[in-house]
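Below: one structure, written as C-alpha cells.
Bear in mind these aren't lab numbers, they're just calculated from the coordinates by the rules spelled out. Treat the numbers as computed from the prediction; the structure is a model and nothing was measured. Neighbour counts are summed over all protein chains in view; Cβ atoms, including those assigned to glycine, are modelled from backbone coordinates with ideal geometry.
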Amino acid sequence: EKRGAPRSNCAYVLELSLSGHGGTEALLGADRAWNGKVQRMLNLRVGLTTANAYISTLGGGHFLCRQIDAAEAMARKQLAIARSLGDPSLAAQCRIHLAYNQIQRGNLGRARQLLLFEWAIAHVLKDGHLQAMIRAAWTYVMKLRRIRRVLERSTDDAVADGLYRQRFAK
C-alpha cells in the first residue's frame, strides 16, 4: 500500500492487530486473497447476468413462435439463474413468464393461480415494475376468459374484441 493513500477504518484496525504478528505483509496477503475472491464473485455475477439476457431473448422468441415447451424451458433456466443471483424480483419475473406459457397452453386457471402468488410477492418486495407486469398478465387472462366464454356459447366465430384471434397451443 502506498503511503498517503486513503485507507478504510477496517484496514487500520487490521493493521494494528497484525502489527505485532508479521506487520503489514500479513495485511497485504489477506487483501490479495479477499480481492481475488471478490473478483471471482463479480465475474460469476456478470456471467450469470449475461446468460440471463441471452436466455430471456431466446425464451421470448420461442414464446412468440408458439414453441411453448422451449419457451418454458428457457423460463426455467432463467429462474435458476435468478435464484443463483439471489434476485427475488428477477425470479418473480421468470415465474410470470411461466404463467404466460400456461396462458398459451389454455390453462387460464393455472395462470391465474401463478399470478396471484406473484402478486403477493410483488407487494412484499414493494416492486412497482413487477406489479405492473402482473397487472398486464392478469388483464390478458381476464380478456381471454371472456372471449373463451363467448366462443363457447356462440356458433359464430366473430367476436368484437381485438383478441379474437388468440389461439391456444396444445
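What full-extension length gain, to one decimal in nm, is calculated for Gln131 and Leu48 as 0.36 nm per residue of separation minus the Cα-Cα distance? Mind showing how you got there, number by number?
Details: separation 83, 0.36 × 83 = 29.88 nm, distance 2.45 nm.
That pair, Gln131 and Leu48, stretches by 27.4 nm at full extension.
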extent check for segment 66-113: Cα max minus min per principal axis, descending, whole Å, gives 32, 22, 9
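If I take every Cα pair under 8 Å that is 6 or more residues apart in segment 57-110, average their sequence separation and divide by the length, what percent do I get for the relative contact order? Provide the component values of the computation, followed by the final result.
Values: 44 pairs, mean separation 16.7, N = 54.
Relative contact order for segment 57-110 comes out at 31 percent.
Over every pair of different alpha-carbon atoms in segment 39-132, take the mean of 1/r and invert it; report that Kirkwood radius in Å. Can you show the working numbers first?
Numbers: mean 1/r = 0.0729 Å⁻¹.
Computed over segment 39-132, the radius equals 13.7 Å.
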Counting only residues 5 or more places away or on other chains, whose amide H sits under 5 Å from the amide H of Asp127 once H atoms are built in the peptide plane? none
Reduced to Cα centres, the span from segment 29-94 to segment 113-132 in Å works out to 20
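Kindly give Rg over Rh for segment 94-159, based on alpha-carbon atoms, with the Kirkwood expression for the hydrodynamic radius. Display every interim value, and only then the final one.
Numbers: Rg = 13.6 Å, Rh = 12.6 Å.
On the Cα set of segment 94-159, Rg over Rh gives 1.08.
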Roughly speaking, what is the stretch gain from Thr57 to Ala70, that is 0.36 nm per residue apart minus the C-alpha to C-alpha distance, in nm to one decimal? 3.5 nm
Modelling each spin label as a point 7 Å along the Cα-to-Cβ direction, I'd like the Ser154/Trp119 distance in nm, to one decimal. 2.7
